[in-house]
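The values are calculated or read from the model by the stated rules, or taken from the named source; none is laboratory data. The shown structure was predicted, so the numbers you read here are calculated from the model rather than taken from an experiment. Every residue, glycine among them, receives a Cβ derived from its backbone with ideal geometry; neighbour counts consider all protein chains shown.
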Amino acid sequence: MSKRVAEIVLLAEDFRQINFLRHYLIAKGHERRKIRVCPPPNGRGSGEQHVRNNYSNEVLYYRNRSARRSAALIVAIDADTETVLHHHQQLAGCLTGANQNDRTPKESIVLLVPKRNIETSILCLSGKIVDGRIVDETTDYKKASEIERQLRPAAVTLAEWSRPSASIPEYCVPSLRNGLTELKRIT
């Protein structure tokens, strides 16, 4: 079981990321009612822009809350064709632009940046071979079949892989390995 967190805020590009993260948190033993979602735009506007526009406000909210009780913020933004580092720097720039300090190592602010998109991580966690090849970070799997059915089992696998003594398979894509390191901020 994870450490007790009074409130976890999810800020993500789309509802697939939110559902995936919600299933992950529940698999880790967090209560559904303690998870608050900053809803993404429903079919209009950029999900990436939504994350960038709301990041500094949610960090401020987290910092105010964490001063009184345990809290966490999980941010999910697809890397698409950029790098994971690019998006980390971009989010740090959002804080700078709002006159806030960058996140510290002790803060429970998690940045998950799946490359190319969340579907890559879901397929990797599912151990799927697509078109005879191991899942990679250059192929766009956004329209891969049966992603919704694989979402919950992949989230449970992520919970297993995020245990301190877990052995991570070699086929784990680099952005997911980075995400596992990020998740240690709260689990």
*Within the stretch 114-123, is there a residue that is more than 17 Å from residue 181 (Cβ to Cβ) and free of Cβ contacts under 8 Å to residues at least 24 places away in the same chain?*
no
*Hey, residue 36 hits all of (1) surrounded by fewer than 19 Cβ atoms within 10 Å (Cβ to Cβ); (2) under 28 Å from residue 160 (Cβ atoms); (3) modelled with pLDDT under 95 but one; which does it fall short on?*
(3)
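Looking at the stretch 111-187, what helices (runs of 4 or more DSSP H) fall wholly within it and have at least 2 residues that are over 30 Å from residue 66 (Cα atoms), touching a Phe, Trp or Tyr at 6+ places or on another chain (Cβ under 9 Å) and not β-branched (Val, Ile, Thr)?
On the way: elements: 118-125, 147-161, 174-183.
In the stretch 111-187, the matching helices (runs of 4 or more DSSP H) lie at 118-125.
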